[in-house]
Amino acid sequence: MQSPTIYPFVAIVRQDEMKLALILNIINPLISGVLIRGDKGTGKSTAVRALAAILPEIDVVENCPFQLPPGSNHAICQVCGPCPDPVRVIRRKVRVIELPVGATEDRVVGSMDLETAIKEGERRFEPGILAAAHRGILYVDEVNLLDDHVVDLLLDAAAMGTNTVEREGISISHPSRFTLVGTMNPEEGELRPQLLDRFGLYVRITGIPDPMARVEVMERRAAFEQDAAAFVQRWEPESHALQAQIQSAIQRHPLVRIERTHTVGIARRCIEAGVDGHRADIITYKAATALAAWRGRNQVADEDVETAISLALPHRLRRLPFDEIDRLP
Amino acid sequence: MKLALLLNAVDPLIGGVLIRGQKGTCKSTAARALGRLLPPLRVVADCPYGCDPADTDSLCTGCAARYRSGLPLPVADRLVPVVTLPLNATEEMIVGGLDLEHALRTGARRLQPGLLARANRGVLYIDEVNLLDDRLVDLVLSVAAEGVNRIEREGVSSWHPARFILVGTMNPEEGALRPHFADRFGLCVQLHGEDDPELRAEVMERREAFDRDPIGFAAAFQAQESDLAARIVAAQQALDKVALTAPVLRLITDLCLDHHVAGHRADLAIRRAARALSALQVSPSVQAEQVIQVALLGLNHRRRRPVPGNPPPHTDAGAHDRLDQDGASQRLSRELMGDQELDGESAAAETTVLDRSTPQPGSGTHEQLFAVDDPFPVRPIVQPRDRLIRQGSGRRFRTLTRRTGHPITTIRDRTGRDVALDATIREAAPYQVHRPHRPGMAITIRGHDIHTRVRERRIGNLLVFIIDASSSMGVQARMRAVKGAILSLLLDAYQKRDQVALVSFRDRGAQVLLWPTSSVELAARHLQNLPTGGHTPLSHGLVESYRLIRAHLMRYPSARPIAILITDGRANVPINPGVYAHQEAPSIASKIADEKRVHWIVVDTEAGDMYFGLAAELARRLGAEHLEIADLKAEDLIHLAQHCETID
């Protein structure tokens, strides 16, 4: 099956903040995601789907239903049974797994495998979306329309980094650490604060007011629709350059140092803003180091902290259900 | 929080911890770390329930039989189990069910132990406990109370001991926990983030260090951890020797009485906690100081307002920070009104009308804009559950659904929709030894084995607010109270994921301010900006809201909207010229009442020297509940608690 050609990430006009937030998440997956909030037709979904092409590669045991790296010895491995010997390791890109809004509970967490149950009379676990999304990106379009009880399940898994299944005679727990990327259109209602807090960063995007840029958007789109393959090829060099840049940032990231004055500064800002809990601090810290790496520095600078705060704090100021997100100082 | 967890580690009989806190205050992190600190258990090596070989009185059936027949019980040391109860758990996984493989092989029914079996003598950890399905909550509660899990399902009849420390975490923003359930937790801690920048920086740095090298990080704290574990063991042994003097006991009971707790669980929990604390501090007897230190932990979730009629308590310590729910809603109202009332409560209490009386062009009458009173917890508004199958999402009331929703149980049903494979196979399993098999198939299933799932989910509802904004509502700042009441209902609607619509009527006509939407935020904003003034076109309001409800019912015929009319009933503008308005409105109300799918509530705001009972008459005509604003407030927790106990 030929997957449809994806619009190149680099060909998206403007919306730099959104692109930056997504790239930071690739550099440090522990930032744990981004929420993109904006009007209809501002390229939210296009950008997330386009990510797939520029993501880095990871080592995975071939056919491992839980996307584990080689040499891991998780409790799930004992349930799953021994890997085929010798273990074949493949290198593949980080995946973008989409969670459809109408997904049912059993598909999300996993359920009993029908075929083996009937043919062999054995219970076997059929992994769900949360297993597929481990070490990858879990993308929820229109996340504010997600069914309430599915949101509860997501929260549960995201909190632990583990999906614990206790249903249909199956009792299993497997790792499920994912970068949660959501898009939403605020006209359809807001998100619960608890879920909001799970998104590491937050970007608000609007349509571009500049007419010239708008023309550019139309022209590129038309070119893409006319001949997708050729369009992608035309942007190939830039895609490669971006990929290389991300790759070097990933390598640099562990070396980045942050001074105590900066950490205390972040803490102070978070206290002033009156955010709940410590997640804001931790995310800002991680985003600042990722930013420094992205900008080719080994030391976090003031501007990195500023940018990180502007990405990590806005949605956490909305502490109570009726506050508006965009009523910011 | 660490203290509460430690105390439980020393004396498991304290009865667990409920951790309430905002997002990101490491509730879950701490709870999960607890298991590592507990000293290993001595267990019967091959017992699925981890029986204690030394305690021969409370063995499970299997171990007891072996013990009586004189067989030796194999002994092993095991880490204390920390069992997580996930939100997706189904009933049979929690209590246990038929052992499938065993049934297939031998045709005999045997129990496959569930979560509760594994949690015996350990920790049962429930993350986001307030989101757990009510049915599962009931299950866990009854087992926790008895210490024994009895299984009667799928042809299996069995029981086993199930004593565990219940540890739950919750974020109060997402809805409250039933008081009865909250009471089961021995202690309760309230968490907040750190305020000191230096400490917060420390949090960030440690977290980063952990993320970069989890194993090295754990090793660095190994020494401290084993030191702590040793202290716990020492405290456990010293526990029985700690003396409790009569004055200390007296202090505990006084504290509990002062805070109006129901039942005696608080006394017991505080007593045990104080004793455990003394043991930890290597002190030979419990002093007042230890009681004070743990008292709040035991009282946090049990404190209530004084029962009306009783003299006020002589200590007022708990009065201003009672239950968090109150605090949260007050904070919310302040937040919401932030741009109008910057001074918070003091300003809100004294000023009645804000100087925002901006006359609008087009209407000649005087208009006022009233602020919103503090919201309060509202009493539950529900409709009776029926058997209709619905679609939708929310938490207002429960309904049976198809395909989606949380599976609650299974029934024998051959229609084959939404087959519960597991239940079907379990049903067929014991007969497989006798049934012929087709090649390649391990199980033969007959039609009568087929079970289908029964799913239930809570769906939200449409709440239509019909607000009288005429000038009579401005008298004595009644509108403030009304807005406060509506805001409270909106808050409730948020937690239950309801849809809301707003209709207001004043001066010459009625207006739909907000068509049905799930954006409760929008409704709150409209409410804030709702002006008051002019005549009372009650008939218009009724007709307009009826039109809106009809449109909604056309789209969702199985919906059961709730209409809340807030008025004093003093109609003075008729729709038809020449008719008396105060006669027209009730007759319209009678006609509207023909639509039986709508549940009407009339909130009577009539006040003053003359009482006409107009709103009451309106309510009678509509077949509505007739309430005053005060009636909307949640009954005192004492009633709720008593109610729950009768259900038991």
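The values are calculated or read from the model by the stated rules, or taken from the named source; none is laboratory data. The shown structure was predicted, so the numbers you read here are calculated from the model rather than taken from an experiment. Here the Cβ positions follow ideal geometry from the backbone for every residue, glycine too, while neighbour counts run over all protein chains shown.
What pairs come out if I take residues in segment A:222-251 that are closer than 12 Å to A:A53 by Cα and pair them with residues that are among the polar types (S, T, N, Q) whose C-beta lies under 7 Å away, six or more apart or interchain?
Final answer for the pair search is A:V232/A:T5.
Anything in segment B:89-102 that is buried (at least 23 other Cβ atoms within 10 Å of the Cβ) and without any contact (Cβ under 8 Å) to a residue 40 or more places away in the chain? List them, or say none.
Correct list: B:M93 only.
What number goes with the only condition from (1) more than 9 Å from chain B (Cβ to nearest Cβ); (2) modelled with pLDDT under 80; (3) in a strand (DSSP E or B) that A:H174 does not pass?
Only one criterion in (1) more than 9 Å from chain B (Cβ to nearest Cβ); (2) modelled with pLDDT under 80; (3) in a strand (DSSP E or B) is unmet by A:H174, namely (2).
Would you confirm whether any residue within segment A:201-211 is part of a helix (DSSP H, G or I) and surrounded by fewer than 18 Cβ atoms within 10 Å (Cβ to Cβ)?
Keep residues of segment A:201-211 that are part of a helix (DSSP H, G or I), which gives A:211.
Filter again for surrounded by fewer than 18 Cβ atoms within 10 Å (Cβ to Cβ), leaving A:211.
Yes, segment A:201-211 contains a residue that is part of a helix (DSSP H, G or I) and surrounded by fewer than 18 Cβ atoms within 10 Å (Cβ to Cβ).
Can A:V305 be described as surrounded by 16 or more Cβ atoms within 10 Å (Cβ to Cβ) and part of a loop (DSSP other than H, G, I, E, B)?
No: the conditions fail for A:V305.
Of these, B:D77, B:D57, which one is at pLDDT below 75, away from every other protein chain (no Cβ under 14 Å) and loosely packed, with under 13 Cβ neighbours inside 10 Å? Don't jump to the end; show me each part of the working.
Values: B:D77 fails: at pLDDT below 75.
So the residue among B:D77, B:D57 that is at pLDDT below 75, away from every other protein chain (no Cβ under 14 Å) and loosely packed, with under 13 Cβ neighbours inside 10 Å is B:D57.
Hey, could you check segment A:5-28 for residues that are touching a residue at least 40 places away in the same chain (Cβ under 8 Å) and outside any helix (DSSP H, G or I) and say which is nearest to A:P314 (Cα to Cα)?
Among those that are touching a residue at least 40 places away in the same chain (Cβ under 8 Å) and outside any helix (DSSP H, G or I), it is A:Q15.
Within segment A:135-157, identify whether any single residue is surrounded by fewer than 16 Cβ atoms within 10 Å (Cβ to Cβ), part of a helix (DSSP H, G or I) and assigned by TED's automatic domain parsing to the domain that holds A:V109, and answer yes or no. Steps first, answer last, please.
Narrowing segment A:135-157 to residues surrounded by fewer than 16 Cβ atoms within 10 Å (Cβ to Cβ): A:142, A:145.
Remaining after also requiring part of a helix (DSSP H, G or I): A:145.
With the extra rule that they be assigned by TED's automatic domain parsing to the domain that holds A:V109, the set shrinks to A:145.
Scanning segment A:135-157 turns up at least one residue that is surrounded by fewer than 16 Cβ atoms within 10 Å (Cβ to Cβ), part of a helix (DSSP H, G or I) and assigned by TED's automatic domain parsing to the domain that holds A:V109.
Let's see how each residue does on (1) out of contact with any Lys or Arg (no Cβ under 9 Å at 6 or more places or on another chain); (2) among the acidic types (D, E); (3) surrounded by fewer than 14 Cβ atoms within 10 Å (Cβ to Cβ); (4) modelled with pLDDT under 85:
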position	(1), (2), (3), (4)
B:K241	yes, no, yes, yes
B:T245	yes, no, yes, yes
B:L255	yes, no, no, yes
B:H260	no, no, no, yes
B:H264	yes, no, yes, yes
B:L268	yes, no, no, yes
B:A273	yes, no, no, no
B:S278	yes, no, no, no
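Mind listing just one residue for me: the one in segment B:217-232 that is loosely packed, with under 15 Cβ neighbours inside 10 Å and either of a type in the set (A, V, I, L, M, F, W, C) or within 14 Å of another protein chain (Cβ to nearest Cβ) (or both) and, of those, nearest to B:V80 (Cα to Cα)?
For segment B:217-232, the residue satisfying everything is B:A230.
Among what's in segment A:267-279 and is more than 7 Å from chain B (Cβ to nearest Cβ) and in a helix (DSSP H, G or I), pick the residue that is surrounded by the fewest Cβ atoms within 10 Å (Cβ to Cβ).
Keep residues of segment A:267-279 that are more than 7 Å from chain B (Cβ to nearest Cβ), which gives A:269, A:272-275.
Remaining after also requiring in a helix (DSSP H, G or I): A:269, A:272-273.
Values: A:R269: 20, A:E272: 10, A:A273: 16.
Checking each candidate, the answer is A:E272.
Within segment B:47-90, can you find the residues that are small (G, A, S), farther than 12 Å from B:P161 by Cα and assigned to a loop (DSSP other than H, G, I, E, B)?
Of the residues in segment B:47-90, the ones small (G, A, S) are B:50, B:54, B:58, B:62, B:64-65, B:69-70, B:76, B:89.
Narrowing further to those that are farther than 12 Å from B:P161 by Cα: B:54, B:65, B:69-70, B:76, B:89.
Matches in segment B:47-90: B:A54, B:S69, B:G70, B:A89.
List the helices (runs of 4 or more DSSP H) that sit entirely inside segment B:102-206 and contain at least 1 residues that are closer than 26 Å to B:L38 by Cα, of a type in the set (K, R) and more than 10 Å from every other protein chain (Cβ to nearest Cβ).
On the way: elements: B:115-119, B:134-146, B:179-184.
In segment B:102-206, B:179-184 are the helices (runs of 4 or more DSSP H) which contain 1 or more residues that are closer than 26 Å to B:L38 by Cα, of a type in the set (K, R) and more than 10 Å from every other protein chain (Cβ to nearest Cβ).
If the requirement is being among the hydrophobic types (A, V, I, L, M, F, W, C) and either modelled with pLDDT under 75 or over 30 Å from A:F66 (Cβ atoms) (or both), which of these qualifies: A:A222, A:A133? I'd like the intermediate steps shown before the answer.
On the way: A:A133 fails: either modelled with pLDDT under 75 or over 30 Å from A:F66 (Cβ atoms) (or both).
Of A:A222, A:A133, the one residue that is among the hydrophobic types (A, V, I, L, M, F, W, C) and either modelled with pLDDT under 75 or over 30 Å from A:F66 (Cβ atoms) (or both) is A:A222.
Go through A:R167, A:R135, A:R220, A:R198 for me and flag whichever is within 14 Å of chain B (Cβ to nearest Cβ) and over 24 Å from A:M112 (Cβ atoms). Break it down stepwise before answering.
Working: A:R167 fails: over 24 Å from A:M112 (Cβ atoms); A:R135 fails: within 14 Å of chain B (Cβ to nearest Cβ); A:R220 fails: within 14 Å of chain B (Cβ to nearest Cβ).
Step by step, each of A:R167, A:R135, A:R220, A:R198 is checked, and only A:R198 is within 14 Å of chain B (Cβ to nearest Cβ) and over 24 Å from A:M112 (Cβ atoms).
Considering segment A:281-296 alone, what residues qualify as being of a type outside the set (D, E, K, R), facing another protein chain (nearest Cβ under 7 Å) and either surrounded by fewer than 18 Cβ atoms within 10 Å (Cβ to Cβ) or in contact (Cβ under 8 Å) with a residue 12 or more places away in the chain (or both)?
Pass one, segment A:281-296, residues of a type outside the set (D, E, K, R): A:282-285, A:287-294, A:296.
Now restrict to residues that are facing another protein chain (nearest Cβ under 7 Å): A:282, A:285.
Correct list: A:Y285 only.
Do you know which of the residues in segment A:159-169 that are modelled with pLDDT of 75 or more and in contact with a Gly (Cβ under 9 Å, 6 or more places away or on another chain) is surrounded by the most Cβ atoms within 10 Å (Cβ to Cβ)? Outline the logic, then answer.
Residues of segment A:159-169 that are modelled with pLDDT of 75 or more, as a first pass: A:161-166.
Keeping just the survivors that are in contact with a Gly (Cβ under 9 Å, 6 or more places away or on another chain) gives A:163, A:165-166.
Numbers: A:N163: 31, A:V165: 25, A:E166: 23.
Checked segment A:159-169; the qualifying residue surrounded by the most Cβ atoms within 10 Å (Cβ to Cβ) is A:N163.
Quick check on my filter: what residues within segment A:308-329 are at pLDDT 85 or above and part of a loop (DSSP other than H, G, I, E, B)?
First, the residues of segment A:308-329 that are at pLDDT 85 or above: A:308-313.
A:L313, the sole residue that qualifies.
State which residue is farthest from A:L191 (Cα to Cα) when the search covers only segment A:29-86 and only residues that are part of a helix (DSSP H, G or I) and modelled with pLDDT under 80. Steps first, please.
Let us first name the residues in segment A:29-86 that are part of a helix (DSSP H, G or I), namely A:29-31, A:44-54, A:75-80.
Those left that are additionally modelled with pLDDT under 80: A:52-53, A:75-80.
Values: A:A52: 26, A:A53: 29, A:A75: 34, A:I76: 33, A:C77: 36, A:Q78: 38, A:V79: 37, A:C80: 36 Å.
Filtering segment A:29-86 for residues that are part of a helix (DSSP H, G or I) and modelled with pLDDT under 80, the one farthest from A:L191 (Cα to Cα) comes out as A:Q78.
Kindly establish whether B:L131 is modelled with pLDDT under 80 and either hydroxyl-bearing (S, T, Y) or in contact with a helix residue (DSSP H, G or I) (Cβ under 8 Å, 6 or more places away or on another chain) (or both). Don't jump to the end; show me each part of the working.
Numbers: modelled with pLDDT under 80: yes; either hydroxyl-bearing (S, T, Y) or in contact with a helix residue (DSSP H, G or I) (Cβ under 8 Å, 6 or more places away or on another chain) (or both): yes.
Spelling it out, B:L131 is indeed modelled with pLDDT under 80 and either hydroxyl-bearing (S, T, Y) or in contact with a helix residue (DSSP H, G or I) (Cβ under 8 Å, 6 or more places away or on another chain) (or both).
With out of contact with any helix residue (DSSP H, G or I) (no Cβ under 6 Å at 6 or more places or on another chain) and more than 23 Å from B:T29 (Cβ to Cβ) as the only criterion, which of B:L244, B:L251, B:L239 stands out?
Numbers: B:L251 fails: out of contact with any helix residue (DSSP H, G or I) (no Cβ under 6 Å at 6 or more places or on another chain); B:L239 fails: out of contact with any helix residue (DSSP H, G or I) (no Cβ under 6 Å at 6 or more places or on another chain).
On inspection, the qualifying residue turns out to be B:L244.
Among the candidates B:E173, B:E194, B:E225, B:E205, which residue alone is of a type outside the set (A, V, I, L, M), at pLDDT 75 or above and within 30 Å of A:C270 (Cα to Cα)?
On the way: B:E173 fails: at pLDDT 75 or above; B:E194 fails: at pLDDT 75 or above; B:E225 fails: within 30 Å of A:C270 (Cα to Cα).
Exactly one residue qualifies, and that residue is B:E205.
Looking at B:L297, is it crowded, with 17+ Cβ neighbours inside 10 Å, in contact with a strand residue (DSSP E or B) (Cβ under 6 Å, 6 or more places away or on another chain) and in a helix (DSSP H, G or I)?
On the way: crowded, with 17+ Cβ neighbours inside 10 Å: yes; in contact with a strand residue (DSSP E or B) (Cβ under 6 Å, 6 or more places away or on another chain): yes; in a helix (DSSP H, G or I): yes.
Against the criterion (crowded, with 17+ Cβ neighbours inside 10 Å, in contact with a strand residue (DSSP E or B) (Cβ under 6 Å, 6 or more places away or on another chain) and in a helix (DSSP H, G or I)), B:L297 qualifies.
Based on this model, can you work out whether A:L130 counts as within 11 Å of chain B (Cβ to nearest Cβ), under 18 Å from A:H315 (Cβ atoms) and not in a strand (DSSP E or B)?
Numbers: within 11 Å of chain B (Cβ to nearest Cβ): yes; under 18 Å from A:H315 (Cβ atoms): no; not in a strand (DSSP E or B): yes.
In short, no.
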